[in-house]
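S.K.: Structure provided below as structure tokens; questions to follow.
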Amino acid sequence: MPSTARARSVAASAPNHVVWRSKPVSVPKKRPICSGSPTLLWVDDFQPGLELYRTMFEGLGFKVLTAVSGKHAVKLAADNLIDVVVTDYEMPGMNGEAVATAIKSIKPKVPVVLFSGSTLVSPRARRVVDAFCDKAGSRNQLSATIHRVLQKKRSRTLQPPTPGRASHEGHRAVA
């Protein structure tokens, strides 16, 4: 059988989902840092709430990872590129302050929003997080808070490095 007839025969017998390519395609393992869709890590022990916020923020163009415990959230944060964390305050095991502290220790530049209906949030917890949003507030307030901390993160990471100082050992810097 000639080679072109054999190639047609092989292609005809191949399943419909096979795609023939002349060059190998490489697939990145992790999302690039400057992606168009930021990744949220949402932490709450109330599963129906997680599903609601996942659906809402995926509809707004975010990639949303969810965790029903602080321990799971810290693992997800360590294993994935995260742009912002939104965590409930009152949870069994690790509360929102402990989650924020643990995530900030492994990824200090990731902003954390404390999202809680509790009026008993400690001042120490408010100092650990980048923003606080009340669960009784509107979805627009929540969305605006998340966008604000993302904007601050982007502006901090996009700033040029500060120039080094001139030496005081008799050398002069030329501008």
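The values are calculated or read from the model by the stated rules, or taken from the named source; none is laboratory data. The model shown is predicted, which means the values in this text are computed figures rather than measured ones. All Cβ positions, glycine included, derive from the backbone under ideal geometry; neighbour counts span all protein chains shown. Side chains included, ligands, DNA and RNA excluded: accessible areas come from the protein's heavy atoms. Shrake-Rupley method; radii C 1.70, N 1.55, O 1.52, S 1.80 Å.
S.K.: If I model a spin label as a point 7 Å beyond the Cα along the Cα-Cβ vector, how far apart are those points for Ala78 and Glu90 in nm?
M.R.: 2.9
S.K.: A further question follows. Using only protein heavy atoms and a 1.4 Å probe, report how much of Ile82 is accessible, in Å² to the nearest 10.
M.R.: Using a 1.4 Å probe on the heavy atoms, I get roughly 10 Å².
S.K.: Sorted by average packing, counted as other Cβ atoms within 10 angstrom per residue and highest first, what order do 99-105, 50-56, 63-69, 135-141 take?
M.R.: Ranked by mean Cβ neighbours within 10 Å, highest first: 99-105, 63-69, 50-56, 135-141.
S.K.: Below 8 Å, C-alpha to C-alpha, sequence gap of six or more: please give me the relative contact order for region 46-146 in percent.
M.R.: Taking the mean separation of contacting Cα pairs over the length of region 46-146, I get 21 percent.
S.K.: Moving on to the next point. Is any residue of region 36-50 close enough, with backbone N under 20 Å, to a label point placed 7 angstrom from the Cα of Leu120 along the Cα-Cβ axis, and if so, which?
M.R.: Inside the label zone: 44-46.
S.K.: Distance check, please: which entries in Lys71/Lys152; Lys71/Lys153; Lys104/Lys152; Lys63/Lys153; Lys109/Lys135; Lys107/Lys135 exceed 21 angstrom between their Cα atoms?
M.R.: Where the Cα-Cα span goes over 21 Å, the pairs concerned are Lys71/Lys152; Lys71/Lys153; Lys109/Lys135; Lys107/Lys135.
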